[in-house]
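Working notes, structure below.
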Amino acid sequence: MRKMLVATHGKFADGIMETFQLIMGENESIQTLNAYTEPDFDLQKEVENTVRLLRDDEELIVVADVLGGSVANAFSQYIASSKVHVITGLNLPLLIAVAQDLDSSVKTEELIGNAVDTAKDGIVDLNRALEQTINEAEEDL
């Protein structure tokens, strides 16, 4: 069984999950971690508790906001266990792509690879894309 944790600095995790749930509905396999929103927040303790609570048959896919940020770094300490996977660069297409295959038989590595590709494909400079389309149409005339 796979679980997903959306883990970010501040309240970004709750904010993006609100939008995710508007589109995809509730999913009990997805939780959030909003780091540093309380004065006494202890990231290391939160990470340790999250990983410790994983059952033997569970994997955790952590989707974090920033590569090199404290949240991603804290979870990356557990990558060697093969039960914890960390993806950075949180965006809505990434969350949707991971969630769609969370309960599938697709291998976790393939699920993550496909989701990352989907997330990258969703980042488009529409002004440039429209300009290229117009230029190509004019060349065809």
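Considered as a group, the residues in region 95-110 that are open to solvent by less than 50 Å² (accessible area, probe 1.4 Å) and touching a residue at least 60 places away in the same chain (Cβ under 8 Å) include one that is nearest to Asp65 (Cα to Cα), and that residue is Leu95. Residues that are loosely packed, with under 15 Cβ neighbours inside 10 Å, touching a helix residue (DSSP H, G or I) at 6+ places or on another chain (Cβ under 7 Å) and not in a loop (DSSP other than H, G, I, E, B): does region 3-19 have at least one? Checked region 3-19: at least one residue is loosely packed, with under 15 Cβ neighbours inside 10 Å, touching a helix residue (DSSP H, G or I) at 6+ places or on another chain (Cβ under 7 Å) and not in a loop (DSSP other than H, G, I, E, B). When we screen Leu92, Leu67 for residues that are open to solvent by 30 Å² or more (accessible area, probe 1.4 Å), free of Cβ contacts under 8 Å to residues at least 24 places away in the same chain and closer than 22 Å to Ala119 by Cα, the only hit is Leu67. For region 59-113, the set of residues classified as touching a Lys or Arg at 6+ places or on another chain (Cβ under 6 Å) and more than 19 Å from Phe20 (Cα to Cα) consists of Glu59 only.
Within region 46-58, none of the residues are among the acidic types (Asp, Glu), open to solvent by less than 60 Å² (accessible area, probe 1.4 Å) and within 15 Å of the chain's Cα centre (by Cα).
Restricting to region 100-129, count the residues that are touching a helix residue (DSSP H, G or I) at 6+ places or on another chain (Cβ under 6 Å) and among the small types (Gly, Ala, Ser).
Final tally of qualifying residues: 3.
All conditions in (1) within 25 Å of Glu28 (Cα to Cα); (2) surrounded by 12 or more Cβ atoms within 10 Å (Cβ to Cβ); (3) at pLDDT below 95 hold for His85, with the sole exception of (3).
So, Asp121, is that one under 14 Å from the mean Cα position of the chain (by Cα), more than 22 Å from Asp42 (Cβ to Cβ) and open to solvent by 40 Å² or more (accessible area, probe 1.4 Å) or not? So Asp121 does not fit the description; no. Note on region 124-141: residues that are among the β-branched types (Val, Ile, Thr) and open to solvent by less than 80 Å² (accessible area, probe 1.4 Å) amount to 0. Just one of the numbered conditions (1) more than 21 Å from Asn34 (Cα to Cα); (2) at pLDDT 95 or above is not true of Gln132: (2).
The values are calculated or read from the model by the stated rules, or taken from the named source; none is laboratory data. What you see is a predicted model, and the numbers here were worked out from it, not measured in a lab. Cβ atoms come from the backbone with ideal geometry, glycine included; neighbour counts cover every protein chain shown. SASA here: full protein model, heavy atoms, side chains in, ligands and nucleic acids out. Shrake-Rupley method; radii C 1.70, N 1.55, O 1.52, S 1.80 Å.
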